[in-house]
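The values are calculated or read from the model by the stated rules, or taken from the named source; none is laboratory data. Everything quoted here is computed from the prediction, not taken from an experiment. Glycine gets a Cβ as well: all are built from the backbone with ideal geometry, and neighbour counts include every protein chain shown.
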Amino acid sequence: MRDILDDVAPWLREREPFALATVVRTWQSSPRPAGAAMAVATSGQVIGSVSGGCIEGALYELANDVLADGMARSETYRVADDDAIGVGLTCGGTIEVFVRLIDSDACAALEDVARLVSSGEPVAVLTDLTTGAPTRLAVLGTEATVDPDGLTDIESDGSSVGLAVLDRLHRGESGLDIRIADDGARSVLVELFGPPPRMYVFGAIDFAAAMCRLGTFAGFAVTVVDARPVFATRARFPDAHDVVVAWPHTFLATAPVDERTFITVLTHDEKFDIPLLEVALRSGAAYVGALGSRSTHRRRVE
């Protein structure tokens with residue numbers, strides 16, 4: 001769902017009901033991963049995709065059924081073996097899609113989710129996967145809970161599902177999971193939205209602009225850092241999450257770095273490169289890369 005949150009923001013803000021289809025399970029080859037989502041408004045507008053085109057037509061009709069009566073539905077799609085033009089996945093895999101109504105209360109909850117995701121705060125959306133009934137949904141964060149539909153038994157401190165979700169939120173995890181509620185009678189879809197991995201790009205050059213586009217597309221929060229204010233500008237790097245004017249090694253010495261942090265050194269100037277690499281290589285980052293020729297690399301090592 002993360003990939004469509006920005007696009008459905010106007011619906012959330014206006015409390016406009018819509019049907020939300022989410023891939024909850026996949027088997028073998030799948031065109032899109034679990035968590036992929038498609039939203040259908042009462043106006044007929046569609047946002048997102050769950051299969052790249054194979055089943056969207058059939059799913060659109062199912063979403064309209066959900067909009068009509070408010071009852072959640074689940075459907076499994078697989079390759080159409082007998083009918084070449086039937087509904088199915090051409091890749092040979094199987095996906096299960098859960099479709100639920102996002103009413104005005106759920107819109108308010110998901111607006112909070114979008115705000116937290118945008119600010120990098122970890123948050124989880126818990127959905128009761130019971131079909132043939134209105135969907136119950138709750139939002140669980142590390143600090144507070146938004147509970148429009150009464151899932152207190154799932155999210156409470158004594159719930160195994162709630163405890164597991166809180167633990168994963170505090171570890172900054174992202175992903176999608178299906179868990180069994182403590183009563184053993186219900187399955188709960190857990191969508192975790194942890195903070196995005198970081199990418200620090202040092203050096204405000206043309207290559208850095210390309211790295212920003214690639215990094216942002218891959219889901220990183222990209223920060224561009226350069227000591228020269230005339231080059232380190234938002235106008236030059238519109239795809240960056242942040243643009244900072246600072247000496248690279250000074251910035252990195254106090255910046256948050258963990259096992260999900262990627263560092264790219266594009267300064268190509270030894271007065272920046274050497275002190276920066278000395279900090280970067282001791283930082284615990286997942287990846288450190290530096291632009292330069294073999295001879296430049298030898299001088300750095302020396």
inquiry  = Consider the range 163-172. How many of its residues are free of Cβ contacts under 8 Å to residues at least 40 places away in the same chain and crowded, with 20+ Cβ neighbours inside 10 Å?
reply    = 0
request  = Scan the range 173-206 for residues that are loosely packed, with under 15 Cβ neighbours inside 10 Å and either assigned to a helix (DSSP H, G or I) or modelled with pLDDT of 90 or more (or both) and jot them down.
outcome  = ASP206
query = Does ALA240 satisfy the condition of being touching a helix residue (DSSP H, G or I) at 6+ places or on another chain (Cβ under 7 Å) and among the small types (Gly, Ala, Ser)?
reply = yes
key: All positions within the range 207-224 that are without any contact (Cβ under 8 Å) to a residue 40 or more places away in the chain and assigned to a strand (DSSP E or B)   = VAL222, THR223, VAL224
task = Return a yes/no flag: does the range 53-75 have any residue that is in a loop (DSSP other than H, G, I, E, B), under 20 Å from the mean Cα position of the chain (by Cα), at pLDDT below 90 and assigned by TED's automatic domain parsing to the domain that holds CYS107.
result = no
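Yes or no, residue by residue, for (1) in contact (Cβ under 8 Å) with a residue 12 or more places away in the chain; (2) under 28 Å from the mean Cα position of the chain (by Cα):
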| residue | (1), (2) |
| --- | --- |
| LEU252 | yes, yes |
| VAL257 | yes, yes |
| ILE263 | yes, yes |
| LEU266 | yes, yes |
| ASP273 | yes, no |
| ARG282 | no, no |
| ALA285 | yes, yes |
| GLY292 | yes, no |
| GLU302 | no, no |
query = Looking only at the range 247-302, which residues are within 19 Å of ALA209 (Cα to Cα) and acidic (Asp, Glu)?
reply = ASP269, ASP273
inquiry  = Taking the criterion of being closer than 30 Å to GLN28 by Cα, modelled with pLDDT of 90 or more and assigned by TED's automatic domain parsing to the domain that holds GLU173, would at least one residue in the range 85-98 satisfy it?
reply    = yes
message = Please pick out the residue among ALA240, ALA227 that is closer than 23 Å to PRO122 by Cα and buried (at least 16 other Cβ atoms within 10 Å of the Cβ).
response = ALA240
ask   = Out of (1) closer than 22 Å to GLY172 by Cβ; (2) modelled with pLDDT of 95 or more; (3) not aliphatic (A, V, I, L, M), the odd one out for HIS249 is which?
value = (1)
key: Residues of the range 260-297 that turn out to be out of contact with any helix residue (DSSP H, G or I) (no Cβ under 9 Å at 6 or more places or on another chain), surrounded by fewer than 18 Cβ atoms within 10 Å (Cβ to Cβ) and either within 30 Å of ARG171 (Cα to Cα) or not assigned by TED's automatic domain parsing to the domain that holds ALA232 (or both), as a count   = 7
query = Can you tell which of ARG234, ARG299, ARG228 is in contact with a strand residue (DSSP E or B) (Cβ under 7 Å, 6 or more places away or on another chain) and not in a strand (DSSP E or B)?
reply = ARG234
query = Any idea how many residues of the range 239-264 are in a loop (DSSP other than H, G, I, E, B) and among the hydrophobic types (A, V, I, L, M, F, W, C)?
reply = 5
